[in-house]
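The values are calculated or read from the model by the stated rules, or taken from the named source; none is laboratory data. None of these values were measured; they are calculated from a predicted model. When we count neighbours, we look across all protein chains shown, and the Cβ atoms used for this are built from the backbone with ideal geometry, even at glycine. Please note that ligands, DNA and RNA were not included when accessible areas were found on the heavy atoms of the full protein model with its side chains. Shrake-Rupley method; radii C 1.70, N 1.55, O 1.52, S 1.80 Å.
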Amino acid sequence: MLLKIPVFLFATSFNVVAASLNSQLHRRDLAATIAAERTIALQGALDNIGPNGAKAPGAYAGVVVASPSTDDPNYYYTWIRDSALTFKMLVDELLTGNTSIKPLIEDYVKSQAIIQTVSNPSGSLSSGRGLGEPKFYVNETRFNGPWGRPQRDGPALRAITLIAYTRWLLKNDGTAEAKADIWPVIRNDLNYVAQFWNQTGFDLWEEVSGSSFFTLAVQHRALVEGAAIAKQMGFSCAGCDSQSPNILCFLQSFWNGKHIVANINTAVQRTGIDSNTILGSIATFDPDAYCMDATFQPCSHRALANLKVYVDSFRDIYDINAGIPASSAVATGRYAEDIYFNGNPWYLCTLAVAEQLYGAIQQWLARHNLFITEVDLAFWQSIYPQAKIGQYNSGTSSFDNLTSAAMRFADGFVEIVDKYVPVSGSLSEQYSRENGTALSAHDLTWSYASYVTMAAARRAATTVLASAREPIQVPSWGERSANSVPSVCVASSVAGNYTPATGAGTLAGAGGCTVTVLFRVNATTYYGENIYLTGNTTDLGNWSPAEAVPGNAANYTSERPLWYFEIDLPASTAISYKYLRQESNGSWLYESQNRTYAVPVCGTQAETGSAIVEDAWVGPTGTPSKG
Ligand code: NOJ
Ligand code: NOJ
């Protein structure tokens, strides 16, 4: 018996050496795999951008096609969100010295300046409301089909991207360009955020109407950065200064003590556990930040607790996660209740988990310490069973053990993705919950962008030399100056001025003055019937029912069967219009007469009563739907 002890010890230490050698080799393999896929991903994103992208025929210059897929699903459109996130990745590339990307960024700026002026079903530039439109055709024209609109993350994300570019310009002899061309585009977006942040809208998945964590998190960042960059250029952003603390205050209500709730103020019933929150944390990552709970930084206790709850929600629902130990990474998707394409893991969601952890590691290394509290203890114990509440300083083995465990866990998510990437290296939107094969939109630009940003975050997390941080790390956005939560939350708004960014190349005369007209019609409807408005202009769908404006029945009661429409119409113009009734079987009934309306002069506000139209339905009534 005694004899066996040394043998046992020897065997143990030998195993430890072998294991760490193995994991080093393994890490080297992973680094090589990531480097190879990163190259494919960067090219994959570029291929989807007009005018020369190999997979983006017809897309205008600087326009990002969400995916070349034109059918099941048709993603041959440009989304403000996907485009801004993609160009954020490209600006980060520029910052690391890849100046060949600059002309494409200039194209993007111009395309966005133009798109800002395109009036659309969400509204116009002149009222600001049109900036909330989520998607356009790739030739920069409006999309009139039914959609989850508005989506208020777009302007914030675009501002963040253009501010990152502005910062680079200011350091690289581009001050004149930044001030004259880029700032007017940013200013419109910041004004939008300052005016509309407190209004509900659709979430990033375009499904839930309410207040969305992701949207508010990026809105907060945009206003904080916006105020700073404005000041640096000698401009001001009054709405930025006054509204960013209010947003931060509101953001606190998304924390329920256990995890971040993705959407509040919504009728949609779900757990709220959703990669919305992981994406929000990485989109607001600041390498200089402390692990602040208030801003849900990647290394914050809240964000880590949330990450565990989110990841665990997928362990038992996807076949491909079966048998994976609770301490290891699994495939993750948007949220557990997802049914889109039968609800599968998404590459960009799984990669986002890794990116959050790489961001957290950067933050611990920069701070030279990490703290475990009861809030994130369960997260830590799941990846490092000996973890205890306490402070761990760099230079100690506990700090190394904890950060290494976090690194291994993070790498696991990348390995899952790499396992389910087809040999070609192309990234679709989803991979099958049953067997991991690629599904839904192929060559999704956002998937590619997320791979590149994950790789950059990993590189920064593994570069220990603090002095070598720039330009490996993304720049700070000033989180430290903007993380103290006011004691009283104020739900306010600053009305913005919106002007076409002609310096950036938008067409002369585009985005003229509009008036937001409120049409109200009393129209008794059966369950399943809907009221629309159409007329003789593009905004009204040119008499085509398919392009008619859908009415809102939120204030419909049996006393007042009210349907209403808020439509931005060019000031001082005359229009013809009528209401339509769509039956539950899809057929249309028309009002028996045309109506006319003289849109009031520029500057008229509906609140004054002079841009409100009161009508009552004149025409056939429908039939109740059966069953
Ligand atoms: C439903 C999906 O869940 C949503 O995210 C998507 O954008 C729309 N359908 C359109 O494809
Ligand atoms: C559906 C996703 O839910 C949404 O976030 C995205 O913007 C579009 N697809 C386009 O990629």
Would you say A66 is closer than 22 Å to A159 by Cα, touching a residue at least 60 places away in the same chain (Cβ under 8 Å) and either in a strand (DSSP E or B) or touching a strand residue (DSSP E or B) at 6+ places or on another chain (Cβ under 9 Å) (or both)?
-> yes
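Only one residue in A326, A294 is open to solvent by 40 Å² or more (accessible area, probe 1.4 Å), more than 20 Å from M89 (Cα to Cα) and of a type outside the set (D, E). Which one?
Numbers: A294 fails: open to solvent by 40 Å² or more (accessible area, probe 1.4 Å).
Exactly one of A326, A294 is open to solvent by 40 Å² or more (accessible area, probe 1.4 Å), more than 20 Å from M89 (Cα to Cα) and of a type outside the set (D, E), namely A326.
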Matching entry among S122, S111, S126 (being open to solvent by 30 Å² or more (accessible area, probe 1.4 Å) and among the small types (G, A, S)) | S126
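Restricting attention to the range 179-216, which residues are in a helix (DSSP H, G or I) and within 15 Å of ligand 2 (Cβ to nearest atom)? Don't jump to the end; show me each part of the working.
Here is the first cut: in the range 179-216, the ones in a helix (DSSP H, G or I) are 179-196, 213-216.
If the condition is that a residue be in a helix (DSSP H, G or I) and within 15 Å of ligand 2 (Cβ to nearest atom), then F213, F214, T215 are the ones that fit.
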Taking the condition among the charged types (D, E, K, R), outside any loop (DSSP other than H, G, I, E, B) and farther than 25 Å from P475 by Cα, does K258 pass?
-> no
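In the set A176, A159, A164, which member is open to solvent by 10 Å² or more (accessible area, probe 1.4 Å) and among the small types (G, A, S)? First the steps, then the outcome.
On the way: A159 fails: open to solvent by 10 Å² or more (accessible area, probe 1.4 Å); A164 fails: open to solvent by 10 Å² or more (accessible area, probe 1.4 Å).
Among A176, A159, A164, only A176 is open to solvent by 10 Å² or more (accessible area, probe 1.4 Å) and among the small types (G, A, S).
Matching residues to (1) of a type in the set (G, A, S); (2) in the same structural domain as R152 (by TED's automatic domain parsing); (3) more than 17 Å from Q43 (Cβ to Cβ); (4) away from ligand 2 (no atom under 14 Å from the Cβ):
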| residue | (1), (2), (3), (4) |
| --- | --- |
| P68 | no, yes, no, no |
| N74 | no, yes, yes, no |
| Y77 | no, yes, yes, no |
| I80 | no, yes, yes, no |
| D92 | no, yes, no, yes |
| N98 | no, yes, no, yes |
| D107 | no, yes, yes, yes |
| Q112 | no, yes, yes, yes |
| S126 | yes, yes, yes, yes |
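Looking at G234, G239, which is the one that is open to solvent by less than 50 Å² (accessible area, probe 1.4 Å) and under 25 Å from Y165 (Cα atoms)?
On the way: G234 fails: open to solvent by less than 50 Å² (accessible area, probe 1.4 Å).
Residue meeting the stated conditions: G239.
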How many residues are within 16 Å of ligand 2 (Cβ to nearest atom) and open to solvent by 10 Å² or more (accessible area, probe 1.4 Å) if we restrict to the range 217-231?
-> 0
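On the given criteria, is F285 under 24 Å from S244 (Cβ atoms), open to solvent by 10 Å² or more (accessible area, probe 1.4 Å) and modelled with pLDDT of 95 or more? I'd like the intermediate steps shown before the answer.
Details: under 24 Å from S244 (Cβ atoms): yes; open to solvent by 10 Å² or more (accessible area, probe 1.4 Å): yes; modelled with pLDDT of 95 or more: yes.
In short, yes.
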Taking first residues from the range 335-357 that are under 18 Å from N306 (Cβ atoms) and among the small types (G, A, S) and second residues anywhere that are in a helix (DSSP H, G or I) and within 14 Å of ligand 1 (Cβ to nearest atom), the pairs with Cβ under 8 Å that are 6 or more apart or on different chains are A352/S275; A352/L279
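For the subset of the range 142-174 comprising residues that are over 19 Å from A84 (Cβ atoms) and not small (G, A, S), which member is nearest to ligand 2 (Cβ to nearest atom)?
Result: P146.
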